[in-house]
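One structure is given here, and the rest of the page talks about it.
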Ligand SMILES: *[C@@H]1O[C@H](CO)[C@@H](O)[C@H](O)[C@H]1NC(C)=O
């Protein structure tokens, strides 16, 4: 039963998750554009060199300032809170653009670090899939690190690193499901799956970097690999349920991952200009590794 709805659910939800790349009501508004033009003209011409921060350039600061001017104007006129460049307005904190999502990304990272330490202290190195789960852990830690960086400050580079590393996490989960299925021994299947996954990751990065940074394609790749991953794990759980008592933890994690993505569909202006659905999503995924590694 679970198998039947998990994949379509995940797919439907991920489609809704796709965010517009550029152009939102906020940044398209006249009040924003004129404020930005004026601010850049006054503040960012001669003193650019001085005003330039490490992360926040002068035009970035103007965008931030004009974002709040625009939000005030919208609220005064009784218009819904707008997004800017595909994002809700967030209060900057310790020069982090989306402090809640950034901190919750680090919380996820911490969850993986803690469980990796537990794993390496409890599981003997000779265990058949020891290397697989240590690698999985490192892939996740890396991905959550870049997610944190991207939410702290978006730029063309941090966005790409976040997207690529997030995909590497989805793809590695799929890979681990395949390896768990085929067994730890070096076989034709394990070699094929390894080559296929490395090839797909390389293709994915090359295509997005060299051909087109295509949000639609990226989303589809995540949906398809993620959905197949969920199905494989649930099939494996169903097969193993009588043999291992811990299998329910695996099934539950996989189902919860699909359910937490629902939070992304509830897109609302951030509470207190801090907590939006995306932040809640990152918060909700943080306990999952604690269950998964068991
Ligand atoms: C730009 O200059 C104006 C006028 O001096 C000032 O009020 C404003 O805070 C400055 N904005 C930024 C982002 O530096």
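Quick note: the coordinates plus some simple rules give every number you see, no bench work behind them. Model, not experiment: these values are computed from the prediction. Cβ: placed from backbone, ideal geometry, glycine included. Neighbour counts: every protein chain shown.
Worth pointing out:
- Cα→Cβ-extended label distance, 7 Å offset, between residue 76 and residue 259, nm: 4.6 nm
- Max mean-square fluctuation residue, GNM over the chain, Cα-Cα springs under 10 Å, options 91, 31, 259: 31
- Exposure proxy ranking for 243, 118, based on other Cβ atoms within 10 angstrom of each Cβ and starting from the fewest, stands as 243, 118.
- Whether the range 172-277 is rounded, prolate or oblate, judged on the alpha carbon gyration tensor where a/c under 1.5 counts as rounded: oblate
- Considering only 199, 23, 78, the Gaussian network model of the chain with Cα springs below 10 Å gives its largest mean-square fluctuation to 78.
- Ranked list, fewest to most other Cβ atoms within 10 Å of each Cβ, for 112, 278: 278, 112
- Kirkwood Rh and Cα Rg combined as Rg/Rh, the range 99-227: 1.00
- Distance from the alpha carbon centroid of the range 24-39 to that of the range 93-110 works out to 27 angstrom.
- Förster radius 41 Å - calculated FRET efficiency between residue 159 and residue 243 (Cβ-Cβ, nearest 0.05): 0.40
- Computed over the chain, the alpha-carbon pair-distance distribution with 10 angstrom bins reads 6, 24, 32, 21, 11, 5, 1, 0, each value a whole percent.
- Counting other Cβ atoms within 10 Å as a rough exposure proxy, the listed residues 213, 172, 268, 145 run 268, 213, 145, 172 from fewest neighbours to most.
- For the chain, modelled as a GNM whose springs connect Cα atoms under 10 angstrom apart, the maximal fluctuation among 218, 77, 108 occurs at 77.
- Value at 222 nm in deg cm²/dmol, rounded to 500, when DSSP H runs of n ≥ 4 in the chain each add -39,500 (n - 2.57): -23000 deg cm²/dmol
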